[in-house]
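Where a number appears in this text, it was derived from the coordinates with a stated rule and is not lab data. None of these values were measured; they are calculated from a predicted model. Cβ atoms come from the backbone with ideal geometry, glycine included; neighbour counts cover every protein chain shown.
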Amino acid sequence: MAHLRCDFFSDVLGLSTSMTVLLPQRTSTQIGMAGAGGDGPPPVLYLLHGLSDDDTTWLRRTSIERYAASLGLAVVMPQVHRSFYADQAYGGRYWTFLSEELPALVGDFFRISSLREDTFVAGLSMGGYGAFRWALRHPERFAAAASLSGALDIAARRRSRPEDPRLYERVFGDEDVAGGPHDLHALLRGAEPADLPSLYLCCGTEDVLLPENEAFRDTCAAAGVPLRAEFSPGDHDWAYWDARIQDVLAWLPLRGPS
């Protein structure tokens, strides 16, 4: 695969930022790793980072390049800092950046498919929340969305403030998150199940976020939203995510090279 660190200016954020990108490369003589690709634009996975990470972390702490190489899949990993992928009350417009500006720039910069059936999103922890929120707010864009150890109940987390005590004030201000557009449970209850992409959730049974993931599973069931949920031994760490991202890639409804 081709690996690019793309530094660019965001008009939405008003600053220079970065994304890490993997692009398929058809190879036949590379030792130890197969490279696949079709004649047409490749499918794309937007892979979102967690609260303490940046756009390079998936590449540095997992073997995502090796796992994706044989699939002919482009992987786009944007940087959003500690934003919860939201238009912050006191900060950058990261939701607008993610959902509007980033896909447009990716389409301008790279040769990738723009078809819904070729577009996927996944993320871990804060990125799992971002992936599901993007998929639930814009189901017409994605064929599938996956959350690994997602922070999926923002209303509950805001009440408990387990991290930076001012984080949720900076992101959401005085807004009551429960029942609004940042609340995944509210989005699920208001969704038309037939319109949604395929959803996949996994979480380790030793993870502090396990109750949030079980609650999301239960809300999906109550709302009639199909969800593949897998709970297995594991903590909130990269050993778990390196293993589970392989499961996510195997689950994606890739159409194969064209």
MRE, 222 nm, helices only [DSSP H, n ≥ 4, -39500 (n - 2.57), over the chain, to nearest 500]:
-8500 deg cm²/dmol
Just in the stretch 72-109: which chymotrypsin sites (Phe, Trp or Tyr not before Pro) are loop by DSSP and have at most 14 other Cβ atoms within 10 Å?
Y90
I need T20, T96, T205, T219 ordered by Cβ neighbour count within 10 Å, fewest first.
T205, T96, T219, T20
Here FRET efficiency (C-beta to C-beta, T96 to S63, R₀ 41 Å, nearest 0.05) is 0.80
Whole-angstrom gap from the stretch 174-229 to the stretch 20-40, using each part's C-alpha centre
35 Å
5 Å is the cut-off here: which amide hydrogens, built 1.01 Å from N in the peptide plane, fall below it relative to L201, excluding neighbours closer than 5 in sequence?
S147, R228, A229, E230
Model label zone, R137; criterion: amide N under 16 Å from point 7 Å along Cα-to-beta-carbon; scope the stretch 82-108
82-104
With axes computed from alpha carbons, what is the tilt in degrees of helix 238-251 against the longest principal axis of the chain, rounded to the nearest 10 within 0 to 90?
70 degrees
Taking the chain, how much of its Cα-Cα pair set, in percent, is spaced more than 21 angstrom apart?
57 percent
Residue by residue through the stretch 195-209, what is 3J(HN,Hα) from phi via Karplus (6.51 cos²θ - 1.76 cosθ + 1.60, θ = phi - 60°)? Round to whole Hz and write x for glycine and proline.
8, 7, x, 5, 10, 10, 9, 9, 7, x, 6, 9, 7, 4, 8
Rounded to two decimals, the Rg over Rh value of the stretch 197-258 from Cα coordinates and the Kirkwood Rh reads 1.03
Would you work out the relative contact order for the chain, in percent, from Cα pairs under 8 angstrom that are 6 or more residues apart?
18 percent
Point-to-point label distance, F231-R189, nm (Cα→Cβ direction, 7 Å offset):
2.2 nm
Taking the Cα atoms only, what angle lies between the long axis of helix 210-223 and the longest principal axis of the chain, rounded to 10 degrees?
90 degrees
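Efficiency by 1/(1 + (r/R0)^6): what FRET value for L15 and W238, r their Cβ-Cβ distance, R0 = 25 Å, to the nearest 0.05? Mind showing how you got there, number by number?
Values: r = 28 Å, r/R0 = 1.13.
Working from the Cβ atoms, E equals 0.30.
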Mind checking the full-extension length gain between A156 and D54? Use 0.36 nm per residue of separation minus the Cα-Cα distance, one decimal, nm.
34.3 nm
To the nearest 10 degrees, how steep is helix 126-137 against the longest Cα principal axis of the chain, on a 0 to 90 scale?
90 degrees
Note: M33 to L115 extended length (0.36 nm per residue) minus current alpha-carbon separation gives 26.8 nm
Stretchable slack from A222 to E175, in nm (0.36 nm times residue separation minus alpha-carbon distance)
14.3 nm
What is the calculated FRET efficiency for R255 to L4, with r their C-beta to C-beta distance and R₀ = 22 Å, to the nearest 0.05?
0.35
